[in-house]
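Chemist: If you scroll down you'll find the structure; I have some questions about it.
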Amino acid sequence: MSARIVLPFLAVALVAADPPRDAKKELEQLQGEWTIVSLENRGQKVAEETVKDMKLTVKGEEWKVTRDGTTVADVTFKLDPSKDPKAIDMTFKVNGEEAALKGIYKLDGDTLTLCRTMSPDAGRPTEFKTSADGGVLTVWKRAKK
């Protein structure tokens, strides 16, 4: 096989190998403590007083949302940064029940923006917005150490 034929195949193989490495890098960047900036639910901004004490802790592929030290949600997740917008699949564990929800996210420095569905039957969001029909949009800021 000539070099002209082998090089394009090698390039395709290298590009195909990047997403898992990118997912690992993205996962590493999410690790740690986050504080909430804003929360929007079904097109309505949730009152700051309601969310002011919410925190997010990411450890591995698990995150925990707490408010005033009480767990609100335990979540496992998988990232797919190769999508546009970047995709996240989340499994919420609440009161012994599990719900698999789809979302999108963006990580911009120390700001994490997440838009997700409210129902396992809903399609993945394509924009960072909600409507009266559904969706949850949260913005988190990395906690200062």
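Chemist: Restricting to the stretch 42-95, name every residue that is in contact with a helix residue (DSSP H, G or I) (Cβ under 6 Å, 6 or more places away or on another chain) and either β-branched (Val, Ile, Thr) or closer than 16 Å to Leu114 by Cβ (or both). Outline the logic, then answer.
Modeler: Kept after step one, since they are in contact with a helix residue (DSSP H, G or I) (Cβ under 6 Å, 6 or more places away or on another chain), are these residues of the stretch 42-95: 58, 79, 81-82.
Passing the criteria: Val58, Leu79, Pro81.
Chemist: Among the numbered criteria (1) free of Cβ contacts under 8 Å to residues at least 60 places away in the same chain; (2) surrounded by 14 or more Cβ atoms within 10 Å (Cβ to Cβ), which one does Gly135 miss?
Modeler: All conditions pass for Gly135, except number (1).
Chemist: Now, a different point. Just to be sure before I move on: is Thr50 surrounded by fewer than 17 Cβ atoms within 10 Å (Cβ to Cβ) and either of a type outside the set (S, T, N, Q) or over 24 Å from Lys25 (Cβ atoms) (or both) in the structure I sent?
Modeler: When the stated conditions are applied, Thr50 passes them.
Chemist: What number of residues in the stretch 109-127 are surrounded by 17 or more Cβ atoms within 10 Å (Cβ to Cβ) and not polar (S, T, N, Q)?
Modeler: The total comes to 5.
Chemist: Please specify each residue of the stretch 58-70 satisfying the condition of being surrounded by 12 or more Cβ atoms within 10 Å (Cβ to Cβ) and either in contact with an Asp or Glu (Cβ under 6 Å, 6 or more places away or on another chain) or outside any loop (DSSP other than H, G, I, E, B) (or both).
Modeler: Val58, Glu62, Trp63, Lys64, Val65, Thr66, Arg67 - these are the residues of the stretch 58-70 that are surrounded by 12 or more Cβ atoms within 10 Å (Cβ to Cβ) and either in contact with an Asp or Glu (Cβ under 6 Å, 6 or more places away or on another chain) or outside any loop (DSSP other than H, G, I, E, B) (or both).
Chemist: For the condition closer than 23 Å to Thr126 by Cβ and either modelled with pLDDT under 95 or outside any helix (DSSP H, G or I) (or both), what is the one hit in Lys78, Lys55, Lys24? Full working, then the answer.
Modeler: On the way: Lys55 fails: closer than 23 Å to Thr126 by Cβ; Lys24 fails: closer than 23 Å to Thr126 by Cβ.
Residue meeting the stated conditions: Lys78.
Chemist: Do we have Lys106 as surrounded by 12 or more Cβ atoms within 10 Å (Cβ to Cβ), modelled with pLDDT under 95, out of contact with any helix residue (DSSP H, G or I) (no Cβ under 8 Å at 6 or more places or on another chain) and among the basic types (Lys, Arg) here?
Modeler: no
The values are calculated or read from the model by the stated rules, or taken from the named source; none is laboratory data. In this text the structure is predicted, and so the values were computed from the model without any measurement. Every residue, glycine as well, gets a Cβ built from its backbone with ideal geometry; the counts of neighbours run over all protein chains shown.
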